[in-house]
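Structure first, then comments.
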Amino acid sequence: MTLVYGRGPCFFCGGDSVWKAGTTAEWYQGRTVSEQSGIRAGQYQSRAVSQRSSIRAGQRQGRAGHRAPDHKGKGMSMVMNERQAMAYIEGLARYGSVPGLDSIRELCRRLGDPQEKVPVIHIAGTNGKGSTLAYLSAILESAGYRVGSYSSPAVWEYRERFRLNRKMIAKSVFARLMERVAEAAEEMAAEGLAHPTAFEVETALAFCFFEEKKCDAAVVETGMGGLLDATNLIKKPLVSVLTSISMDHMQFLGKTLAEIAIQKAGIIKEGCPVVSSAQKEEAAQVIAHEAAKKHAPLYVADVKNASGIRYGLQTQSFHYGGYRNLKISLGGVWQIENAALAAETVHALNEHGFPIGEEALRKGLSSAQWKGRLTVLQKKPYVIADGAHNADAAEKLAKSLSIYFTNKPKVFIIGMLGDKDYEAVINRLAPLAQQVIAVTPPKNKRAMPAYELAQEIRNVNEHVTVADSLEEAVEMAYLLTPPDGVIVATGSLSYLAGLESALRNRTKHK
């Protein structure tokens, strides 16, 4: 394993202390991608435990975290405000992303296993997780339940990851819970155990939040994959939900759809119902195999069974599963599929003793909101934000634009991360534009430089230019777009909040 050493200020005393962290790409590719090749679901499962054990053993040395000698771990006490809590979580980026459950289990054990105190709806998939989470959270709230939700990444504000009845966690509660989780994490490091990653700390904080607020249920989406995702320490979910599965994160999850599906289907638990969107054959076979092996009742939400579909940018309706004229407020033709998945999940919950009425289903579907997926930011001209960053999402965005903005002139603002399948996104979306403006997503080490992105775009659309900032991109887009046209900002969720800020500032100073 490659070890990265560094030196930085100790959180507790401000003094200088040494830390070291291991990179995950080499060992994770070696164990999860190449070793998965040709492995069937059952074979992979039998190897997973021993692989995870060896991975964690290596990581104890690779990311045995904070080692300041004057901090004993036991009995540590700290007081954080929101700024300090944010500084702490940002500092954990040094530990990278480490798949496996050993560390999160130990962290949560020290916190009293809060994940076992609240019933959980667990969601995995490639695209549609956030929207499905939004539908289910709204439906449960409409049914009178006290509902927590945990999602990632944050798009507009960090605290939106943690919600109670669709409202962000309060700053004071966030800081206080971060204190508690940080103490447990630093105790682990002081004892020579692997230091929890940022995502593990966030996941533990989410479960502490749900426990403290006495949630009747929590809707939790995976960060990446499922089988080795930190959220997968949940033992008995109310229901496991699988959204559309497609090619993404191939360097971590596998190079074929079946390999990726094995990871996603890892959230299926013994005897617990599972609801899946209709999948491509490779993924569908993996899910069916895992469900049968775990004696998990399998429900499939097939959008082909939806009828009477009426598309609209801000209101859509459809019939599904005996319900007529279900209405949703989220834009995007793919939202019919996500809403049908939510409706099928409600059916499964009802059948397994968690009652939700039709009125709550309808109210929840129609009231659900989820920013960053075909979100209307402004009108005249329309400004649409959509974080499409893989081939499947790009295809769905292209289809939606063809329906909502038929024959309308389109100007695209595109910013991407370098580790995404930018060629697939560019090849599908850039030819639709009269003009493309390439930007570099700010404050992101993974950002693809705008000039490199523009070179790639030029292969399929010669009408491309580079903006040096989001503010410049917005000004250029308005100059190039007629009143009946549409500006589409896409390629990554990471810069959409900055784009909206640039739009607000432009409006303010006009």
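Tell me, yes or no, whether region 248-255 has at least one residue that is modelled with pLDDT under 95, in contact with a strand residue (DSSP E or B) (Cβ under 9 Å, 6 or more places away or on another chain) and either not small (G, A, S) or not assigned by TED's automatic domain parsing to the domain that holds L101 (or both).
So far as region 248-255 goes, yes, one or more of its residues are modelled with pLDDT under 95, in contact with a strand residue (DSSP E or B) (Cβ under 9 Å, 6 or more places away or on another chain) and either not small (G, A, S) or not assigned by TED's automatic domain parsing to the domain that holds L101 (or both).
Kindly check whether there is at least one residue in region 311-329 that is surrounded by 17 or more Cβ atoms within 10 Å (Cβ to Cβ), small (G, A, S) and out of contact with any helix residue (DSSP H, G or I) (no Cβ under 8 Å at 6 or more places or on another chain).
Looking through region 311-329, at least one residue is surrounded by 17 or more Cβ atoms within 10 Å (Cβ to Cβ), small (G, A, S) and out of contact with any helix residue (DSSP H, G or I) (no Cβ under 8 Å at 6 or more places or on another chain).
With the requirement that a residue be outside any helix (DSSP H, G or I) and either closer than 21 Å to T481 by Cβ or of a type in the set (S, T, N, Q) (or both), what does region 418-438 give you?
A433, Q434, Q435, V436, I437, A438
Tell me, yes or no, whether region 176-197 has at least one residue that is within 18 Å of the chain's Cα centre (by Cα) and either buried (at least 24 other Cβ atoms within 10 Å of the Cβ) or not assigned by TED's automatic domain parsing to the domain that holds L233 (or both).
Yes: one or more hits.
Among the residues of region 89-104, count how many are in contact with an Asp or Glu (Cβ under 9 Å, 6 or more places away or on another chain) and assigned to a helix (DSSP H, G or I).
5
Quick check, is R159 among the basic types (K, R), closer than 18 Å to Q369 by Cα and surrounded by 21 or more Cβ atoms within 10 Å (Cβ to Cβ)?
It is false that R159 is among the basic types (K, R), closer than 18 Å to Q369 by Cα and surrounded by 21 or more Cβ atoms within 10 Å (Cβ to Cβ).
Could you list all residues from region 146-161 that are under 23 Å from A388 (Cα atoms) and assigned to a strand (DSSP E or B)?
Within region 146-161, S149, Y150 meet the criteria.
Can you find a residue in region 460-483 that is at pLDDT below 95 and either within 24 Å of G312 (Cα to Cα) or among the acidic types (D, E) (or both)?
yes
Looking only at region 345-361, decide whether some residue is out of contact with any Lys or Arg (no Cβ under 7 Å at 6 or more places or on another chain), among the aromatic types (F, W, Y) and either crowded, with 24+ Cβ neighbours inside 10 Å or at positive phi (or both).
The answer is no, given that none of the residues of region 345-361 is out of contact with any Lys or Arg (no Cβ under 7 Å at 6 or more places or on another chain), among the aromatic types (F, W, Y) and either crowded, with 24+ Cβ neighbours inside 10 Å or at positive phi (or both).
Going through E359, E337, E351, E344 one at a time, which residue ends up being of a type outside the set (A, V, I, L, M, F, W, C) and over 17 Å from V241 (Cα atoms)?
It is E359.
Name the strands (runs of 3 or more DSSP E) wholly within region 344-417 that hold at least 3 residues that are modelled with pLDDT under 95, hydrophobic (A, V, I, L, M, F, W, C) and under 23 Å from A454 (Cα atoms)?
Per the criteria, no element qualifies.
Could you list, in sequence order, the residues of region 254-303 that are in a helix (DSSP H, G or I), polar (S, T, N, Q) and more than 20 Å from the chain's Cα centre (by Cα)?
Listed by number, the list holds a single entry, Q285.
The values are calculated or read from the model by the stated rules, or taken from the named source; none is laboratory data. Just so you know, these numbers come straight off a predicted model, no measurement behind them. Heads up, the Cβs are rebuilt from the backbone with ideal geometry, glycines too, and the neighbour counts pull from every protein chain shown.
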